[in-house]
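Right, one structure below, let's go through it.
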Amino acid sequence: MNVDAIVRKYALQNAVFFSGKATVGAVLGKVMAENPVLRQRAKEVSTIAARVVAEVNAMPLEAQMSALEETAPELLVRESKPKDFGLPDLENAAGPVRMRVAPNPSGPLHIGHSRMAILNDEYVKRYGGACISRFEDTDPARIDPSAYDSIPVDLEWLGVKIHETIIQSDRFDLYYEVAKKLLNMGKAYVCTCRPDDWRELKAKKMPCPHREEPVESQATRWDRMFDGTYAQEEASLVVKTDLSHPNPAIRDFVGLRIDETPHPRTGTRFRVYPLMNMAVAVDDHELGLTHVLRGKDHLNNTYRQQYIYSYLGWKEPVYVHYGRVSMEEVQLSTSKMSAGIAEGLYTGWDDPQLGTLASLRRRGIKPQAIRRYWIETGIKEVDIAFSWQTLNAFNKELVDDTAARYFFVDDPVRMLLKASSPLTAHAPVHPAHPERGVRRLLVPVGSAVFLSGSDVPREGIRIRLKDLCNAVYRDGTLHFEGNDLSVLKDGIRIVHWVPEKSAEAEVRMADGSVRKGLAEIGLKSAKGEVVQLERFGFVRVEETSPLIRCVYTHR
């Protein structure tokens, strides 16, 4: 039994997992657990562990990782313990619930939208009931017709079960009916003031001159909104609230306005359009929603909609407001994304630089990772910053066990490898699963290998070509120096490489750049899969002919 080797592999593992510093106690625990017979030699093993840990801790972290990858790659996979996490119970949810996702079809869904969809889906799955998808398309100027098709695809990919789909542009007659009812009750009025004048009066807690006019006059102006008498911004229906409310946003709000923009679905059939608060309040009631989940930036909208519920005697759903999530390092603005696509800044809605679900899907991010992220984030009211690092960590847990390993070198440099006989590398398909076999990479006598430009050694420097051999660089050539792994304790650098017979490959990165290089031929068999390019990162293989094209996933 080689005690030194056993101790060294666990010292390397402990150091890699804990920022380059192993501890003797932790290492001894692993050694004794694997080899109980060594407990009889505890003093001797402790002396060896102290020496080996000191040697390992003197190595740079990168060298520790390389050494562990070479000697015991299966130990690079950290054991994960199941974590019990979940969402809190909903208030007043004794039986089946009715909830909704409410996308605006201005473009495909992005990572921010997925929170709303997943949280609603989780609760419907917990309590039973129905999750309704409602296209909120009452702003004709902001609609992308393709979104009516792309959004259901995104929801299905997320695993969100939709039980019913409605489109608000099909329901205008219902909104008109409720608006007319509010007019007749004296709870709404048609204002023909200039918009700026109306807003100024509201800011001063003063009524506009049309607010208290008789119902008959209101009805006349209401009809004129439809017959073309009024143009855009010349009339709107306003819902009454409390003009003395301390929050100006809650004072009277516009429920419907005139818009002459042709609608992608209905053309010029309608010219009077409901605003969000009118349409949402009516639909939430008519659809029998029991609970509404929304960001706390919608608090003012909730207060406005509650006036409509109160006037009409409707039972309110339970409102749950969660904190805002700020997102950096990614483009989420639909208008900016669309403009960028038109200008050629992005290749499409699935460009890796974007935060769309189509982009994440293309990169190899799993919907289960996104779901876990939002469940663990929960519905707390505190504001948070979105962590791409956490999402990537969740995704790595999902893909790491299945992702085959391959060699890839960018900015490749050809180097002759002098050896007296052919060499064969036996690289594991997956370090934690020896049963999956090895990749055999052949280097014939007189052949060359390719290294990344950044890995080319200086004159006289020894390196180890991973899974192949040790070599020294002299006079522009690599010279074979055996296969003794003990050189790793001296901190000799492990270098990734590919044989002369390799395939052209490129990786499109998340910042839009493209890394070009060479990959081992076997990568051509991984089309559509998420794999790990060793030392480079996880990628999703998109194309394999005429060259291999990949999209970067994460480290």
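Just so it is clear, none of the values below were taken in a lab; they were calculated from the coordinates. This structure is a prediction, so every number in the text was calculated from the model and none was measured. Backbone-built Cβ (ideal geometry, glycine too); neighbour counts: all protein chains shown.
For helix 42-57, report the angle its Cα long axis makes with the longest principal axis of the Cα atoms of the chain; keep it between 0 and 90° and round to the nearest 10°. With both axes taken from Cα atoms, the answer is about 70 degrees.
Please work out the FRET efficiency for the pair residue 126 and residue 402, using the Cβ-Cβ distance as r and a Förster radius of 35 Å; give the result to the nearest 0.05. Mind dumping the intermediate values first?
Working: r = 29 Å, r/R0 = 0.82.
The calculated FRET efficiency here is 0.75.
Model label sites at residue 220 and residue 296, defined 7 Å from Cα along the beta-carbon direction, differ in position by 4.9 nm. Stretched out straight at 0.36 nm per residue, the stretch from residue 424 to residue 383 would grow longer than its current Cα-Cα span by 9.3 nm.
Jot down the per residue volume, in cubic angstrom and as a whole number, of the convex hull over the alpha-carbon atoms of the stretch 454-555. Display every interim value, and only then the final one.
Values: hull volume 12.8 nm³, N = 102.
Measuring per residue, one finds 126 Å³ for the Cα hull of the stretch 454-555.
Summarising the amide proton neighbourhood of residue 438: residues at separation of 5 or more, or on other chains, whose placed amide H is nearer than 5 Å comprise 429.
Straight-distance candidates among the aspartates and glutamates for linking to residue 489, with alpha-carbon spacing under 12 Å and chain neighbours fewer than 8 residues away dropped: 4, 55, 70.
The percentage of C-alpha pairs in the stretch 3-58 whose separation is greater than 18 Å is 19%.
Taking label points 7 Å from Cα along the Cα-to-Cβ direction, residue 493 and residue 245 give a separation of 6.5 nm.
For the stretch 286-421, the normalised intensity computed at q = 0.09, 0.18 Å⁻¹ comes to -0.49, -1.15 (log10 of I(q)/I(0), Debye sum over alpha carbons, equal scatterers, no solvent). For the chain, the spherically averaged projection of the C-alpha convex hull amounts to 33.3 nm².
Expressed as a fraction of 2.2 N^0.38 Å, the value expected for a compact globular protein of N residues, the C-alpha radius of gyration of the stretch 20-160 is 1.89.
Need the full-extension length gain, residue 233 to residue 312, defined as separation in residues times 0.36 nm minus the C-alpha distance. One decimal, nm. Before the final figure, lay out each step's value.
Details: separation 79, 0.36 × 79 = 28.44 nm, distance 2.73 nm.
Contour length minus the Cα-Cα distance gives 25.7 nm.
Ordering 10, 309, 230, 273 by the number of other Cβ atoms within 10 Å of each residue's own Cβ, fewest first, gives 309, 230, 273, 10. Relative to the longest principal axis of the Cα atoms of the chain, the long axis of helix 61-71 lies at roughly 70 degrees. The stretch between residue 163 and residue 146 holds 4.0 nm of extra length on full extension. This uses 0.36 nm per residue minus the Cα-Cα distance. The angle between the Cα long axis of helix 299-312 and the main principal axis of the chain comes to about 40°, on a 0 to 90 degree scale.
Which percentage, to the nearest 5, of the DSSP beta bridges contained in the chain is antiparallel? Could the numbers behind the result be given before it?
Working: 53 of 81 bridges.
The antiparallel proportion sits near 65 percent.
From the cross-link list 240/296; 161/336; 125/296; 181/240; 30/396, which pairs have alpha carbons spaced over 18 Å apart? Could the numbers behind the result be given before it?
Numbers: 240/296 23 Å; 161/336 30 Å; 125/296 24 Å; 181/240 13 Å; 30/396 25 Å.
Table pairs above 18 Å Cα-Cα are 240/296; 161/336; 125/296; 30/396.
Restricting to the stretch 503-554, what percent of DSSP beta bridges are antiparallel, rounded to 5? Walk me through the numbers before you get to the answer.
Working: 15 of 19 bridges.
The answer is about 80 percent antiparallel.
In the stretch 172-274, taking the dipole from charged Cβ atoms about the Cα centre, the farthest positive-side position among 247, 189, 266 is held by 247. Here the stretch 425-457 and the stretch 101-122 have alpha carbon centers that stand 44 Å from each other.
Along each principal axis, taking the top coordinate minus the bottom one, the Cα set of the stretch 172-274 gives 40, 25, 22 Å in descending order.
Of the residues 389, 539, 36, the one whose Cα sits farthest towards the positive end of the charge dipole of the chain is 36 (charges of +1 on Lys and Arg Cβ, -1 on Asp and Glu Cβ, taken about the Cα centre). Computed from label points 7 Å out along Cα-Cβ, the spacing between residue 1 and residue 324 is 6.1 nm. Taking packing as the residue-averaged number of other Cβ atoms within 10 angstrom, the listed peptides 373-382, 360-369 run from highest to lowest as 360-369, 373-382.
Quick check on the stretch 392-462: what does the Kirkwood estimate of hydrodynamic radius come out to from the alpha carbon pairs, in Å?
Working: mean 1/r = 0.0678 Å⁻¹.
Averaging 1/r across every pair of different Cα atoms and inverting gives 14.8 Å.
Which whole-percent values make up P(r) of the stretch 503-554 when all C-alpha to C-alpha distances are grouped in 10 Å steps starting at zero? In order of increasing distance, the bins hold 29, 64, 7 percent.
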